[in-house]
Amino acid sequence: MKLRVVARVKPEVIETKIRRQSTSLSPLASRGGTKTHVFEAVLDDAGQAQTFSETCAPLVASLLRGVGAALFVVGGHGAGKTHTLEGTSAADGGFGTGPSRGTPARTLEGVIPRAVASILD
């Protein structure tokens, strides 16, 4: 079993609260010393398609070969977990964007609808 740890961070957080160095993150201001966290990848300006291809597409491929896989999404309130998993639909008006504003609906799909579409294709 292989465990991959990938961080998806909102761009505005990188600019104001976190220092990014390739695949590591550390807080800009810290009490008691600076801790650096290292990941296999840091997605700081990734759209939904890139997030899927970096994190979930390899899991779907494993599942289709009969190997079990799991995806855990962890983060604080408002960190973007639901947005990453489900994406944005035209029905809910999106998170400030959406088809009504000229963004194609497929662009806004999260990793779950992309995984289902990938399995059914």
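Modelled this way, with points 7 Å down the Cα-to-C-beta line, the labels at Phe39 and Thr23 are 1.2 nm from one another. In straight-distance terms, cross-link reach from Lys10 covers every one of the lysines whose alpha-carbon lies under 16 Å from its own, apart from those fewer than eight places away in the same chain; here that gives Lys81.
Straight-distance candidates among the lysines for linking to Lys35, with alpha-carbon spacing under 16 Å and chain neighbours fewer than 8 residues away dropped: Lys17. Sites listed here are trypsin sites (Lys or Arg not before Pro) in the stretch 16-90 whose DSSP assignment is loop and whose Cβ has at most 16 other Cβ atoms within 10 Å: Lys17, Arg31, Lys35, Arg65.
Restricting the chymotrypsin sites (Phe, Trp or Tyr not before Pro) of the stretch 1-93 to loop positions (DSSP other than H, G, I, E, B) with no more than 13 neighbouring Cβ atoms within 10 Å leaves Phe72.
Computed with a 1.4 Å probe over protein heavy atoms only, the accessible area of Val73 comes to about 60 Å².
The values are calculated or read from the model by the stated rules, or taken from the named source; none is laboratory data. All figures in this text were calculated on a predicted structure; none of them were measured in a lab. Cβ coordinates were reconstructed from backbone atoms using ideal geometry, including for glycine residues, and neighbour counts include every protein chain displayed. Remember, those area values only see protein heavy atoms, side chains included, never the ligands or the DNA or RNA. Shrake-Rupley method; radii C 1.70, N 1.55, O 1.52, S 1.80 Å.
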